Amino acid sequence: MNADEPEVTRAWVLHPDIKTNKERRDAGPALQEAVSLALALPELDVVGKTIVPLPKPQAGFLFGSGKVEELGQQLKAAEVELVLIDGPVTPVQQRNLEKAWNCKLLDRTGLILEIFSDRAATREGVLQVEMAALSYQRTRLVRAWTHLERQRGGLGFVGGPGETQIEADRRAIDEQLVRLRRQLAKVVKTRGLHRAARAKVPYPIVALVGYTNAGKSTLFNRLTGANVMAKDMLFATLDPTMRKVELEDGPEVILSDTVGFISDLPTELVAAFRATLEEVLSADIVVHVRDISHAETEEQAENVETILASLGIDSERPRFELWNKVDLLDVEDADAVRTRAERSEGIFVTSALTGEGLDTALETISQTLRGRTIEEILDLPYSDGRKRAWLFEQNVVLNEDQGEEGYALTVRWTALQKARFDSL
């Protein structure tokens, strides 16, 4: 191996197909998504994957003793160094399985945290990851390792005869979380100031949202010419990226690319990454990008809608759906998808790679932003050049006359544009 190349870890993905789970997903697509998660980390080499039917989880080992032994032989033969379990694993189960299989183990939450840590690019993203990781680590301090059970010597003045190591570790994590929250508050405040500054140069915001790997970043790159990481892997984008785009025959807008959503995202991660979705809260239009070629596209769409509702995105907000990746469908299925979309308002069949359907979608977005226009005459003093320049940037000026004291401008604009103008 070249010295510059990172060490590769041989990994195996297991999907426990738990029969008693009321929210049980189809095991095939669920396993494939878990493999895609693993492949999002370049240092992992996925050498195998298995669906494990499970009547109900076993408290000590998750799986029954026979299945643990059978899997252990399989993992040993494949020289596996890391097992990824697509689901929650308790600290006790993790300790027991690592001992039985003689290799490391990560559950779904741990794997997603690793990916987030690898992807986070901004200061806020890094802080959010650290907080989520510490919150997760804190839940693992349940006598999972013997060194955490030993007592730390104390004088006995506070807290009885001594403090167990597990309590000391938990307290250290809590103190670090407090420090991180303070740092994050400063970063969020700075970002709030940036957002307030952007409101004074009031471009409408169009936010791209969707399930992870739906093609948002490829679409973003095509529309803006930006070089956002756009790969066929989950969580390719973590931090929101914003660029100005000029719509044809319409206003300039800020296009925002956001972190992808995913099913069964652990609670601590939803909370930690809420701030990365703040741009969606202030968006004038929300564009839901769907991978229409995916076997679970309907379930993915429901997951996105659930998260948007939990964020407080009201139903009054203009919303469009882009059924993306139509180029991956065969001719018959693609035609069926186009027919379905034509029957529904606000749905467009698109391909971020070929450009199909994007012109029509952008024209509709532009019309929505223009909305119902009103015509009126504005009187501006010569000293108000900034406001005059903004009106011309927005393409709303129909006529301009110059008088002794200033400009008389005839404008045609929307109520939204008028409100933005008044805030200048």
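The values are calculated or read from the model by the stated rules, or taken from the named source; none is laboratory data. The structure displayed is predicted, hence computed values, not measured ones. When we count neighbours, we look across all protein chains shown, and the Cβ atoms used for this are built from the backbone with ideal geometry, even at glycine.
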- Query: Looking at segment 402-424, which of its residues are of a type outside the set (Asp, Glu) and assigned to a loop (DSSP other than H, G, I, E, B)?
  - Reply: 403, 414, 423, 424
- Query: Looking at segment 23-60, which of the residues that are assigned to a loop (DSSP other than H, G, I, E, B) and under 25 Å from the mean Cα position of the chain (by Cα) is surrounded by the fewest Cβ atoms within 10 Å (Cβ to Cβ)?
  - Reply: 23
- Task: Output the number of the condition that residue 182 fails; it satisfies all remaining conditions of (1) modelled with pLDDT under 80; (2) loosely packed, with under 13 Cβ neighbours inside 10 Å.
- Result: (1)
- Task: Working only within segment 355-401, note down all residues that are part of a helix (DSSP H, G or I), small (Gly, Ala, Ser) and surrounded by 14 or more Cβ atoms within 10 Å (Cβ to Cβ).
- Result: 361, 366
- Top-ranked residue of segment 257-310 - restricted to ones that are farther than 28 Å from residue 134 by Cα and modelled with pLDDT under 85, ranked as surrounded by the fewest Cβ atoms within 10 Å (Cβ to Cβ): 282
- Considering only residues that are part of a helix (DSSP H, G or I) and either touching a residue at least 40 places away in the same chain (Cβ under 8 Å) or of a type in the set (A, V, I, L, M, F, W, C) (or both), look in segment 61-73 and name the one that is surrounded by the fewest Cβ atoms within 10 Å (Cβ to Cβ). 68
- Query: Among 358, 391, 353, 380, which is touching a residue at least 24 places away in the same chain (Cβ under 8 Å), assigned by TED's automatic domain parsing to the domain that holds residue 282 and touching a Phe, Trp or Tyr at 6+ places or on another chain (Cβ under 9 Å)?
  - Reply: 358
- Message: Among the residues of segment 75-94, what is the count of those that are free of Cβ contacts under 8 Å to residues at least 40 places away in the same chain and part of a helix (DSSP H, G or I)?
- Response: 3
- Contacts under 6 angstrom Cβ, first residue in segment 95-109 being part of a helix (DSSP H, G or I), partner charged (D, E, K, R), 6 or more apart: 108/86
- Task: Have a look at 304, 337, 280, 286 and point out the one that is in a helix (DSSP H, G or I), under 18 Å from residue 261 (Cβ atoms) and touching a Leu at 6+ places or on another chain (Cβ under 9 Å).
- Result: 280
